[in-house]
Structure formats: C-alpha cells, structure tokens
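These notes concern the structure reproduced below.
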Ligand SMILES: [Zn+2]
C-alpha cells in the first residue's frame, strides 16, 4: 500500500512523517557495545590482580551500557503529532 518504506504514517491520526522510531544505528550499536565491554573486562584481567577490584565496576557499567543500548534499539515508534505509540506497519 505504501511504496516508500521509510515514510510511515501514524495509524491513529494519519499524520505522515510524524512517527519517529528508534534509529537503526541503535541496533548497530549493540555490537560495539558488547565488544567494548569484552575488551574492558579482558583489559582489566590483563592489567593484573591489582585491578580485579575494578572488575565489578566495569561489568556493572557495561551492563548499564548494554541495557540502555538494547532499550533504545527496541523502543516503540511514537507519533510526534498525537503522541501515541505507532507500531510498525510493515
Ligand atoms: Zn498520530
């Protein structure tokens, strides 16, 4: 019904181009977020036992980073006109 897959109309108020979903970049950001966390954990392990107390801090920070990236990537698209959640129409 819609030839332009990138222009989404709001199913509630019909406003065109007002629906803003999460950026596809957030889905891409999941990979570097995991890589960053893995590198930080490996880096601390390689730096020696003196840095082991930092490990929980880094792991906690990494979990926060990952959960925020995952949350942003799976956010419901919202209509800027009526403020309702517009689920993907594909
Ligand atoms: Zn709307």
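The values are calculated or read from the model by the stated rules, or taken from the named source; none is laboratory data. None of these values were measured; they are calculated from a predicted model. We place every Cβ from the backbone using ideal geometry, glycine too, and count neighbours over all the protein chains shown.
When region 52-90 is examined, which residues are found to be out of contact with any strand residue (DSSP E or B) (no Cβ under 9 Å at 6 or more places or on another chain), within 16 Å of the ligand (Cβ to nearest atom) and in contact (Cβ under 8 Å) with a residue 60 or more places away in the chain?
Scanning region 52-90 gives 82, 87, 88.
So for region 35-51 (the condition being away from the ligand (no atom under 16 Å from the Cβ), modelled with pLDDT of 95 or more and exposed (fewer than 11 other Cβ atoms within 10 Å of the Cβ)), does at least one residue qualify? Outline the logic, then answer.
Residues of region 35-51 away from the ligand (no atom under 16 Å from the Cβ): 35-51.
Cutting the leftovers down to modelled with pLDDT of 95 or more gives us 35.
If we keep only those that are exposed (fewer than 11 other Cβ atoms within 10 Å of the Cβ) too, we end up with 35.
Within region 35-51, one or more residues are away from the ligand (no atom under 16 Å from the Cβ), modelled with pLDDT of 95 or more and exposed (fewer than 11 other Cβ atoms within 10 Å of the Cβ).
Looking only at region 68-82, count how many residues are outside any loop (DSSP other than H, G, I, E, B) and under 15 Å from residue 25 (Cβ atoms). Steps first, please.
Narrowing region 68-82 to residues outside any loop (DSSP other than H, G, I, E, B): 68-73, 78-79.
Now restrict to residues that are under 15 Å from residue 25 (Cβ atoms): 68-73.
Summing the residues that are outside any loop (DSSP other than H, G, I, E, B) and under 15 Å from residue 25 (Cβ atoms) in region 68-82 gives 6.
When region 9-44 is examined, which residues are found to be within 18 Å of the chain's Cα centre (by Cα) and not in a helix (DSSP H, G or I)?
19, 20, 21, 22, 23
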